[in-house]
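Enquirer: Handing you this structure, nothing more for now.
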Amino acid sequence: MYHFMYILRSILAAATVLVLGLTACGNATAQDEGGSSPPPALNDNPMTAERLGQLIRGIDEEAESSGPVWAFSVADLEVAVIYDVSADRMRIIIPIGPIEDVPKEELVRILQANFDSALDARYAIADGKLWGAFIHPLSELSDEEFLVGLGETANVVLTYGTTYSSGLFIFGGGDSAEMQRNLIEELRNQRT
């Protein structure tokens, strides 16, 4: 339990830094355009902070929120979801480990995966850590895109060091393809 709380605090601290950066960008954009309202949604059912929270609570009843940051678990991974309504952004992040532990040749493999097998999820570096990440405009995000993005992000973390795949499509195959697809299907089925 202590380990989980330590990781949760680390995620929330990193998320706070990201939120402050997003807010600064969002405020600068709003001031440049002469307003502070979010951009118009490009879909008929724009994602809201409330609906995002409902989706997260549907995945993990013990999910915790602190302002625009949610912390919860999926597949034994600590997940943070950060959103900024005024900047119209949402980010899913899952820590992998300290960047200092990643050999240089591994960085090349990560960039290759970002090009062909990570798909919409990505490997990212921030705050001295390697992360799995999924970034999307908040208002355009559908429930399905959120669940698939979460599954893809969990899969890039779970397959780090092996297939480096988000699980939907693996160019060249791989032993863990079925397991990765199962996680995405499981998250999709939780919606019903």
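The values are calculated or read from the model by the stated rules, or taken from the named source; none is laboratory data. Please read these numbers as outputs of a predicted model, since none were measured by experiment. Virtual Cβ from ideal backbone geometry, glycine too; neighbours counted across all protein chains shown.
Enquirer: Tally up the residues in the range 115-127 that are touching a helix residue (DSSP H, G or I) at 6+ places or on another chain (Cβ under 6 Å), surrounded by fewer than 19 Cβ atoms within 10 Å (Cβ to Cβ) and either at pLDDT below 95 or assigned to a loop (DSSP other than H, G, I, E, B) (or both), please.
Expert: 2
Enquirer: From E185, E140, grab the single residue that is modelled with pLDDT of 90 or more and under 22 Å from R51 (Cβ atoms). Break it down stepwise before answering.
Expert: Values: E185 fails: modelled with pLDDT of 90 or more.
Exactly one residue qualifies, and that residue is E140.
Enquirer: If you check S73, S66, which single one turns out to be at pLDDT 95 or above, more than 15 Å from the chain's Cα centre (by Cα) and either among the β-branched types (V, I, T) or surrounded by fewer than 20 Cβ atoms within 10 Å (Cβ to Cβ) (or both)? I'd like the intermediate steps shown before the answer.
Expert: Details: S73 fails: more than 15 Å from the chain's Cα centre (by Cα).
It is S66.
Enquirer: Kindly provide the set of residues from the range 95-113 that are closer than 17 Å to T163 by Cα and part of a helix (DSSP H, G or I), ordered by number.
Expert: Within the range 95-113, E105, E106, L107, V108, R109, I110, L111, Q112, A113 meet the criteria.
Enquirer: Within the range 106-114, identify whether any single residue is on the phi < 0 side of the Ramachandran plot, among the acidic types (D, E) and surrounded by fewer than 20 Cβ atoms within 10 Å (Cβ to Cβ), and answer yes or no. I'd like the intermediate steps shown before the answer.
Expert: So in the range 106-114, the residues on the phi < 0 side of the Ramachandran plot come out as 106-114.
Pick out the ones that are also among the acidic types (D, E) and you get 106.
This time we only want the ones that are surrounded by fewer than 20 Cβ atoms within 10 Å (Cβ to Cβ), so: 106.
Looking through the range 106-114, at least one residue is on the phi < 0 side of the Ramachandran plot, among the acidic types (D, E) and surrounded by fewer than 20 Cβ atoms within 10 Å (Cβ to Cβ).
Enquirer: Can you tell me which residues in the range 129-168 are among the acidic types (D, E) and either in a helix (DSSP H, G or I) or touching a helix residue (DSSP H, G or I) at 6+ places or on another chain (Cβ under 7 Å) (or both)?
Expert: First, pick out the residues of the range 129-168 that are among the acidic types (D, E): 140, 143-145, 152.
Answer for the range 129-168, where residues must be among the acidic types (D, E) and either in a helix (DSSP H, G or I) or touching a helix residue (DSSP H, G or I) at 6+ places or on another chain (Cβ under 7 Å) (or both): D143, E144, E145, E152.
Enquirer: Filter the range 76-94 for residues that are surrounded by fewer than 20 Cβ atoms within 10 Å (Cβ to Cβ), hydrophobic (A, V, I, L, M, F, W, C) and under 12 Å from V157 (Cβ atoms) and give the result.
Expert: The answer is L77, and nothing else.
Enquirer: Note down all Cβ pairs under 9 Å where the first residue falls in the range 142-164 and is more than 17 Å from I96 (Cβ to Cβ), the second is basic (K, R) and assigned to a helix (DSSP H, G or I), and they're at least six residues apart or on different chains.
Expert: From residues that are more than 17 Å from I96 (Cβ to Cβ), the pairs are D143/R51; E144/R188; L147/R188; V148/R188.
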